[in-house]
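Notes follow once the structure below has been shown.
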Amino acid sequence: MPVAFLDLKAQYESIRAEVQEALRQVFESGAFAGGPFVARFETEFARFCGCSHAVGVGNGTDALWGALVAFGIGPGDEVITAPNTFIATAEAISRCGAKPVFVDIDESTYNMDPTLLERAITPRTRAVIPVHLFGQMADMDPIMEIARRRGLVVVEDASQAHGAEYKGRAAGSIGDAGCFSFYPGKNLGAYGEAGAVVTNNAQVAKRIMMLRDHGQSRKHSHATVGWNARMDGIQGAVLSVKLRHLPAWTQARRRHAWRYGALFAGVEGVIAPSEAPYGRHVYHVYALRVQDRDALTSVLEKAGIGYGIHYPVPVHLQEAYRDLGLSPGSYGVAERCAREYLSLPMFPELGDDQVAEVADVVRGFMRAKAKGG
Ligand SMILES: *Cc1c(COP(=O)(O)O)cnc(C)c1O
């Protein structure tokens with residue numbers, strides 16, 4: 001039986017009536033751009049993250065851009081992040097006029113290695129963006145300690161980590177701001193594009209509210225050059241519905257990850273994801289590491305099993321960032337992982353039988369490979 005990599009329709013079917021009622025309310029109120037449905041979601045999402053403010057924006061890239069601009073980051077500044085992220089993290093830095101600088105990752109969590117952070121800091125460094133990749137948080141205590149000592153702003157890229165925790169604290173709530181994407185395939189996904197910034201800094205929240213709305217401080221008064229980065233009302237209403245289900249969906253993801261982990265235990269040639277003792281992984285992506293990825297992906301294709309690769313080319317080796325002059329070998333761990341990552345089907349509605357089937361195909365491939373040498 002084929003197994004999809006992601007099945008958004010299955011989720012929609014489980015909440016159809018609630019979503020349709022929410023949409024009806026938006027259509028009848030006419031509150032399409034910003035407005036009360038966005039404001040209600042902001043209140044709910046701030047509470048979910050344990051922060052005093054949430055500002056809804058157009059997408060996750062807007063969230064990162066808005067947060068950086070609100071902290072005054074601009075041309076001439078450097079911002080440190082990880083090279084194995086979705087390119088949006090670096091793009092937001094570039095869009096502010098700043099320069100992305102990378103530090104390599106920890107091989108067990110796939111997140112920024114805090115022991116490498118300090119040596120990447122220069123007199124131009126203004127901020128650090130730890131990315132909570134695949135749903136597991138970066139090791140925030142040492143990152144915050146270094147950032148505080150060196151006077152750097154910390155903006156968490158929590159786009160893959162809705163509801164993840166670090167020592168009991170929610171993703172997005174530890175740095176000076178936390179940025180989320182609600183792209184449809186994310187753990188909390190809109191029915192379109194959306195994003196948000198959470199923060200405990202009222203001044204910063206206010207600035208992002210201005211930036212997202214053409215720099216308006218009040219009607220017809222534009223205090224700064226902003227952008228159109230508003231969240232739309234439909235997305236606010238849909239996200240309010242889906243947020244109520246997120247804890248159960250996260251539990252389901254964690255259960256699937258646990259089952260996969262049990263099935264891959266002791267299988268030679270497979271490195272399954274591990275949960276750091278400090279945190280709670282929300283498994284946005286369930287990425288294995290394997291040596292013979294191309295051969296395995298063709299076996300998965302033949303079996304009708306969906307897969308993904310997150311991400312095959314690290315940001316510093318993308319053509320868009322050729323000007324940084326970073327050659328292969330610059331970030332050895334991130335580059336090696338990029339050659340080995342293979343993401344398996346992972347979404348709340350996945351059945352236990354489907355998890356078993358996917359694991360069976362992978363195990364069969366590994367066993368044949370071990371025999372064949
Ligand atoms: C999805 C994602 C983004 C960008 O979000 P958009 O909503 O697509 O703009 C940024 N960073 C990471 C790590 C992401 O996964």
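The values are calculated or read from the model by the stated rules, or taken from the named source; none is laboratory data. On a predicted model such as this, the values are computed, not experimentally measured, just so you know. As a convention, Cβ positions derive from the backbone with ideal geometry for all residues, glycine included, and neighbour counts pool all protein chains shown.
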### Task
Could you please give the count of residues in region 307-320 that are more than 17 Å from the chain's Cα centre (by Cα), buried (at least 18 other Cβ atoms within 10 Å of the Cβ) and assigned to a loop (DSSP other than H, G, I, E, B)?
1
#### Entry: Among the candidates Ile80, Ile87, residue that is surrounded by fewer than 21 Cβ atoms within 10 Å (Cβ to Cβ), hydrophobic (A, V, I, L, M, F, W, C) and within 23 Å of Arg126 (Cα to Cα)
Ile87
### Task
Kindly provide the set of residues from region 253-292 that are surrounded by fewer than 16 Cβ atoms within 10 Å (Cβ to Cβ), of a type in the set (A, V, I, L, M, F, W, C) and not in a loop (DSSP other than H, G, I, E, B), ordered by number.
Trp258, Ala262
### Task
Go through (1) in contact (Cβ under 8 Å) with a residue 24 or more places away in the chain; (2) surrounded by fewer than 17 Cβ atoms within 10 Å (Cβ to Cβ); (3) of a type in the set (A, V, I, L, M) and name the single condition Leu350 misses.
(2)
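Kindly indicate whether any position in region 179-198 is within 15 Å of the ligand (Cβ to nearest atom), at pLDDT 95 or above, of a type outside the set (S, T, N, Q) and over 23 Å from Glu91 (Cβ atoms). Can you show your working first?
Going through region 179-198, the residues within 15 Å of the ligand (Cβ to nearest atom) turn out to be 179-198.
Subset that is at pLDDT 95 or above: 179-198.
Filter again for of a type outside the set (S, T, N, Q), leaving 179-180, 182-186, 188-198.
Checking which are over 23 Å from Glu91 (Cβ atoms) leaves us with 191.
Scanning region 179-198, I find at least one residue that is within 15 Å of the ligand (Cβ to nearest atom), at pLDDT 95 or above, of a type outside the set (S, T, N, Q) and over 23 Å from Glu91 (Cβ atoms), so the answer is yes.
Check region 5-24 and report whether any residue there is modelled with pLDDT of 95 or more and in contact with a strand residue (DSSP E or B) (Cβ under 8 Å, 6 or more places away or on another chain).
Going through region 5-24, the residues modelled with pLDDT of 95 or more turn out to be 5-24.
Among the residues that remain, those that are also in contact with a strand residue (DSSP E or B) (Cβ under 8 Å, 6 or more places away or on another chain) are: 5.
Yes, some residue in region 5-24 is modelled with pLDDT of 95 or more and in contact with a strand residue (DSSP E or B) (Cβ under 8 Å, 6 or more places away or on another chain).
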### Task
Residues being of a type in the set (D, E, K, R) and either within 16 Å of Thr250 (Cα to Cα) or touching a helix residue (DSSP H, G or I) at 6+ places or on another chain (Cβ under 7 Å) (or both): count how many of those fall in region 151-168.
2
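Name the strands (runs of 3 or more DSSP E) wholly within region 131-223 that hold at least 1 residues that are within 25 Å of Ile87 (Cα to Cα), free of Cβ contacts under 8 Å to residues at least 60 places away in the same chain and out of contact with any Pro (no Cβ under 6 Å at 6 or more places or on another chain)?
Numbers: elements: 153-157, 177-181, 195-199, 216-218.
So the answer is 153-157.
With region 11-129 as the region, which helices (runs of 4 or more DSSP H) entirely inside it contain at least 2 residues that are away from the ligand (no atom under 16 Å from the Cβ) and over 26 Å from Glu340 (Cβ atoms)?
Working: elements: 36-49, 60-70, 88-95.
Because the criterion is at least 2 residues that are away from the ligand (no atom under 16 Å from the Cβ) and over 26 Å from Glu340 (Cβ atoms), the helices (runs of 4 or more DSSP H) in region 11-129 that meet it are 36-49.
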#### Entry: Selected residue (only one of Val19, Val26, Val57, Val3 is in contact with a helix residue (DSSP H, G or I) (Cβ under 8 Å, 6 or more places away or on another chain), under 30 Å from Val361 (Cα atoms) and aliphatic (A, V, I, L, M))
Val3
